[in-house]
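**Student:** Before anything else, here's the structure in question.
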Amino acid sequence: MKISVSLTVNGKPVSAEVESRMLLVEFLRDNLHLTGTHVGCDTAQCGACTILVNDKAVKSCNMLAVQAQGARVTTIEGLASNGSLHPMQEAFRKHHGLQCGFCTPGMVLNAVSLAAQTKSPTEAQIRDALDGNFCRCTGYHNIVKAVREGLAQMA
Amino acid sequence: MTDTTVREKSTTAAPAAAKATGPIGARMERKEDARFLTGAGQYTDDVQLANQSYACFLRSPHAHARIRSIKTDEAKRSRGVLAVYTGADIPATVGGLPCGWLITGSDGKPMKEPKHAILAQGKVRHVGDPVAIVIAETCEQAKSASEKIEVDYEELPAVVDVRDAMKKGAPAVHDEAPDNICYVWALGDKAAVDAAFSKAAHVTTLEFVNNRLIPNAIEPRACNASFNRADDSYTLYVANQNPHVERLLMTAFVLGLPEHKVRVIAPDVGGGFGSKIYLYAEETVCVWASKAVGRPIKWTAERSESFVSDAHGRDHVTKAELALDKDGKFLAMRVKTAASMGAYLSTFASCIPTILYATLLAGQYTTPVIHCEVTAVFTNTAPVDAYRGAGRPEATYVVERLVATAATEMKIAQDELRRRNFIRTFPYQTPVALTYDIGDYDACLNGAMELADVKGFAQRKAESAKRGMLRGLGYSSYIEACGLAPSNVAGSLGARAGLFEAGEVRVHPTGKVTVFTGSHSHGQGHETTFAQVVAGRLGIGIEDIDVVHGDTGRIPFGMGTYGSRSIAVGGTAIMKAVDKIVAKGRKIAAHLMEVSDTDVEFKDGKFTVKGTDKNVPFAQVALTAYVPHNYPLDKLEPGLDETAFYDPTNFTYPAGTHICEVEIDPQTGETRIASFTAVDDFGNIINPMIVEGQVHGGLAQGIGQALLEECVYDRESGQLVTGSYMDYAMPRAADLPSFKVGTRVTPCTHNPLGVKGCGEAGAIGAPAAVMNAICDAIGVKDLQMPATSERVWRAIRAKA
């Protein structure tokens, strides 16, 4: 069954008729060709598909496209503005917080959402906050540094 | 936050190594990050081809079964389905997936190589073995239709544990190997080892399992295969670490296609760790079917499929003994290992527990005689192959657990026992075939002890005790053989391929440069480090250099990335090509300046007449090469584009010492890594930031093996118990500490960059360091990995 859905993605209004069972991540990747949002698992454990829905980090594999009706969605493609990277993106680059880049979009967006809670977290708080995002490359060391700096720059 | 990074030059370092030349040695931000940080990376699943269809594989739900019949009629009639194929549809001319390394057993017979069909033929041999492919207009339609395939299985008894598989009367995985033995192989002088043991003052014996792991790159395997009628050619996008090898194996050994009619592109790849080295059934079937269906076919593994079908790692059962004299001098080592191959031989499976394992058992020590016997065993599990470290973590675990246990038993300090046995003269011929070119093991040990503040450990332990906590310290002084490999040596040991690397340097008319490398970057940052190497030599900015990798259509050839070989072998090939560019550039510059070639030197991006300030910049030479109006056309071809192949003369030998400090709550068994220190010698370093990142990542995987990760198959049913991220414990951010890393430098003696490779060190050194620390903390001789809270708690209780 197709259902119509309207939302804002990276600042632009989007309307579509979608299958009721279509996941939000499928809608972003397949319909909107926003392939920066990745799929790394099928149990909502890896966090590679993390996006911002109304500024909150959400695993887009765990939400139906139709549930995003009226929502304001930000994907990794929408984070930089006017050609300059978001402070969190800059911090990841500066501190080598990414290697293969596959977990990176979800990791960065989750980190951005943290700013609503704290701008100067402890290392333990950062590590706890990253609990929903796997990285197999970096051992998290440089991600933790990047998140700390990114949050400080966002303050 | 702990963030201690120490870089010191070893006292034995050659003076030349201490000087960073321009971009080489600089902590440069990565060129590739711009696309990865903005969602512009292009991974295989991001590739959309016009008119593409989607594949779904139906997989065996059983560990071992005979296929009585398969009914596909209903699936074929399902909405959107384009084709359904089973093993019966694959032509007899299609071969099995080959194994790239022939191990000859101690009995002189070749290993058993049962056919590894690309779709099951008559039997399935592990959970996840592909049985059929459904190709449909959409992914959902393919998946729905696959559920309508009726397979009539006759379940057979299964065996998943190597110890069970070696028992008399165990179910046979293959008829060709009724005892499940693939080979029994040995290295070393057994008589000399036995004689040394008979005279030993002390013998330390350990028996343990090196736990089976699932690599789990976060990008699942994927492919997109298409056939072009216009020129009878195929293009395969695939998440793979070595596209040329993938193409060679697929065309020449399996599908019988002309190699030049297949282009393999491995675009951005989301981590590999070994698991994407291999030629797998799925992409091979998709290439074959793309012609039959006449549409591009896309397949992306679900994570559940990755768990059951990616090649796994480790899975050894080992008995290891170390003989020492009364002063703690090592006299001999004796090791017996049973290694699981899984149900089929994966691409490099056979060489992992042999060539990359037994040869490393000397470690950093002068142990004069070593004997190792390895029995490779088929089991009803996913194939086992290289996973980060590949044989070397298993060898390090053997050596460093033995050394630590011997030190405890003989009441000799951990560092002291190591020092009494360190190799200090180079080159050093080990009793297990390798010749170490250089190293300084004391430097890394001393550096690690200092960085880990070993002096303050007693006080920290006392403070822990006041809080009712146990504290322990563990060392691991590892060595690895990287930079695989001299082709003739590998060939004499059974390799069925060369292990050189290719590099092409194309200087464009404007002086900009494109580098084509046979190495493949899937997180290692080659686009930056390789550009740094070229920029340093040519005296141009790294922004003027692009590095292209992962495409058989653009790169001359390649053996790919694994075994920490990229900078040592791939980087050297590029340097050789750059040397050719400079040599030709000198001739062009000499002509322009009307002097002899021998009077021209190349420095800082300029060709200069020696002893003068007369010069021609590099870009002018490049332009002249492509606009050869004033040019020695009678002696020199136009253009500035050079290719080099480099075959190393020896392995490289990165080595170091890792020190782990743990704190354990005896009430719960919960183990916390209080600190982890790694001081490594990777030879010269191109980009310290990237090297540190590689070490961090390796450590996380090594600590993961020691504390969390374990692939579990049910011993009765053969089902994979740890088949999802809900069941397989991958390290999350809160499971790990920040790391203290440092380096010491003894430049590799046999490649021009003096580099050794750094990708696997963390995964190799860490497990033994962690387990030695835990054993030290709770005062037990041994504990099985992963040291879960339950296992630690039980060990504490058993001791009390």
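We did not get these values from a lab; they are worked out from the coordinates using the rules stated. Since the structure is predicted, the reported quantities are computational estimates derived from the model, not experimental observations. Counting neighbours? That spans all protein chains shown, and the Cβs are built from the backbone with ideal geometry, glycine included.
**Student:** Rg/Rh for the stretch A:2-77: what does it come to with C-alpha atoms and Rh from Kirkwood?
**Tutor:** 0.92
**Student:** Identify, among A:Thr50, A:Gly139, A:Thr122, the residue whose Cα sits farthest towards the positive end of the charge dipole of the stretch A:36-148, taking +1 on the Cβ of Lys and Arg and -1 on the Cβ of Asp and Glu, with the dipole about the Cα centre.
**Tutor:** A:Thr122
**Student:** Per-residue ellipticity at 222 nm for chain B, helices alone: DSSP H runs ≥ 4 residues times -39500 (n - 2.57), over residue total, nearest 500 deg cm²/dmol?
**Tutor:** -7500 deg cm²/dmol
**Student:** Distance between the C-alpha centers of the stretch B:303-327 and the stretch B:21-45? Whole Å please.
**Tutor:** Value for the Cα centre distance between the two parts: 34 Å.
**Student:** So, with +1 on the Cβ of K and R and -1 on the Cβ of D and E, and no other charges, what is the size of the charge dipole of the stretch B:233-362 about its Cα centre, to the nearest 20 debye?
**Tutor:** 160
**Student:** Just tell me which aspartates and glutamates come within less than 17 Å, Cα to Cα, of B:Lys603; anything on the same chain fewer than 8 places away is out.
**Tutor:** B:Asp579, B:Asp613
**Student:** Further question on the same structure: On a straight-distance basis, which aspartates and glutamates could pair with A:Lys59 in a cross-link, Cα separation under 13 angstrom, same-chain partners fewer than 8 positions away excluded?
**Tutor:** A:Glu26, A:Asp42, A:Asp131
**Student:** Under DSSP H, which helices of chain B have Cα atoms covering 27 Å or more of the helix axis and a Kyte-Doolittle average no less than -1.0?
**Tutor:** Numbers: long enough: B:572-593 (31 Å, 0.48); B:688-707 (28 Å, 0.48).
Those that pass (Cα extent of 27 Å or more, hydropathy at least -1.0) are B:572-593, B:688-707.
**Student:** Next question, about the same structure. For B:Tyr713, enumerate residues with amide H under 5 Å from its amide H, sequence gap 5+ or separate chain, H modeled in the peptide plane.
**Tutor:** Sorted by chain and number, the residues that satisfy this are B:Val721.
**Student:** OK, next. So if I take the centroid of the Cα atoms in the stretch B:191-260 and the same for the stretch B:746-764, what is the distance between those two points in Å?
**Tutor:** Spelled out, the Cα-based centre of one part sits 22 Å from the other.
**Student:** Counting DSSP beta bridges in chain B, what percent are antiparallel, to the nearest 5?
**Tutor:** Values: 103 of 134 bridges.
Antiparallel: roughly 75 percent of the beta bridges in chain B.
**Student:** How are the Cα pair distances of the protein assembly as shown distributed, in percent, across 10 Å bins from 0?
**Tutor:** Histogramming the protein assembly as shown at 10 Å steps yields 2, 12, 21, 25, 21, 13, 5, 1, 0 percent.
**Student:** Can you give me the relative contact order of the stretch B:500-646 as a percent, contacts being Cα pairs under 8 Å and 6 or more apart?
**Tutor:** 33
**Student:** For B:Lys123, go through the aspartates and glutamates and keep the ones whose alpha-carbon is under 17 Å away, minus same-chain ones fewer than eight residues off.
**Tutor:** B:Asp89, B:Glu113, B:Glu150, B:Asp152, B:Glu154, B:Glu155, B:Asp175, B:Glu176
**Student:** Shifting gears a bit: Charges on Cβ only, +1 for Lys and Arg, -1 for Asp and Glu, centred on the Cα centroid of chain B; of B:Pro632, B:Ala619, B:Met449, which one is farthest towards the dipole's positive end?
**Tutor:** B:Met449
**Student:** Related question: As a check on your grasp of the helix formula, calculate [θ] at 222 nm for chain A: sum -39500 (n - 2.57) over DSSP H runs of n ≥ 4, divide by the residue count, round to the nearest 500.
**Tutor:** So the helix-based figure for chain A works out to -7500 deg cm²/dmol.
**Student:** Could I ask something else about it? Assign unit charges at the C-beta atoms only (+1 for Lys and Arg, -1 for Asp and Glu), then state the dipole size of the protein assembly as shown relative to its Cα centre in Debye, rounded to the nearest 20. Show your work: numbers first, answer last.
**Tutor:** Working: 98 positive and 105 negative charges, 171 e Å.
Value, rounded to 20: 820 debye.
**Student:** Placing +1 at every Lys and Arg Cβ and -1 at every Asp and Glu Cβ, with all other atoms neutral, what dipole size does chain B have around its Cα centre, in debye to the nearest 20?
**Tutor:** I would put it at about 820 debye.
**Student:** If you take the beta carbon distance between B:Asp325 and B:Ala465 as r and set R0 to 56 Å, what does 1/(1 + (r/R0)^6) give as a FRET efficiency, to the nearest 0.05?
**Tutor:** After rounding to 0.05, the efficiency reads 0.95.
**Student:** Give me Rg over Rh for the stretch B:500-646, both radii from the alpha carbons and Rh done the Kirkwood way, two decimal places. Kindly include the intermediate steps, with their values, before the conclusion.
**Tutor:** Details: Rg = 15.5 Å, Rh = 15.5 Å.
Across the stretch B:500-646, the Cα-based Rg/Rh ratio is 1.00.
**Student:** If you project the alpha carbons of the stretch B:581-728 onto their three principal axes, what span does each projection cover, largest first, in Å?
**Tutor:** For the stretch B:581-728, the Cα spread along each principal axis is 83, 38, 28 Å.
**Student:** Would you mind checking B:Lys115/B:Lys319; B:Lys261/B:Lys298; B:Lys584/B:Lys756 for any pair whose Cα atoms are more than 25 angstrom apart?
**Tutor:** Pairs exceeding the cut-off: B:Lys115/B:Lys319; B:Lys584/B:Lys756.
**Student:** With unit charges on the beta carbon (Lys/Arg positive, Asp/Glu negative), name the residue among B:Val184, B:Ala142, B:Pro220 whose Cα is farthest towards the positive pole of the charge dipole of the stretch B:95-238.
**Tutor:** B:Val184
**Student:** Hey, another quick one. Within the set of other residues whose C-beta is less than 14 Å from the C-beta of B:Ala497, count the net charge using Lys and Arg as +1 and Asp and Glu as -1.
**Tutor:** Around B:Ala497, the surrounding residues sum to -1.
**Student:** Which distance in Å, rounded to a whole number, links the C-alpha centroids of the stretch A:85-129 and the stretch B:380-425?
**Tutor:** After rounding, the separation between the Cα centres reads 36 Å.
**Student:** Of B:Lys112/B:Lys143; B:Lys199/B:Lys781; B:Lys167/B:Lys781; A:Lys119/B:Lys455, which pairs sit farther than 31 Å apart, going by alpha carbon to alpha carbon?
**Tutor:** Checking Cα-Cα distances, B:Lys112/B:Lys143; A:Lys119/B:Lys455 exceed 31 Å.
**Student:** Sticking with this one: Hey, what's the Kirkwood Rh for the stretch B:224-366 if you take every pair of different alpha carbons, in angstrom? Before the final figure, lay out the partial values.
**Tutor:** On the way: mean 1/r = 0.0555 Å⁻¹.
When all Cα pairs of the stretch B:224-366 are included, the Kirkwood radius is 18.0 Å.
**Student:** Take every DSSP beta bridge with both residues inside the protein assembly as shown and express the antiparallel ones as a percent of the total, to the nearest 5.
**Tutor:** Close to 80 percent.
**Student:** Please report the net charge: other residues with Cβ closer than 10 Å to the Cβ of B:Cys444, K and R +1, D and E -1.
**Tutor:** Here the count lands on -3.
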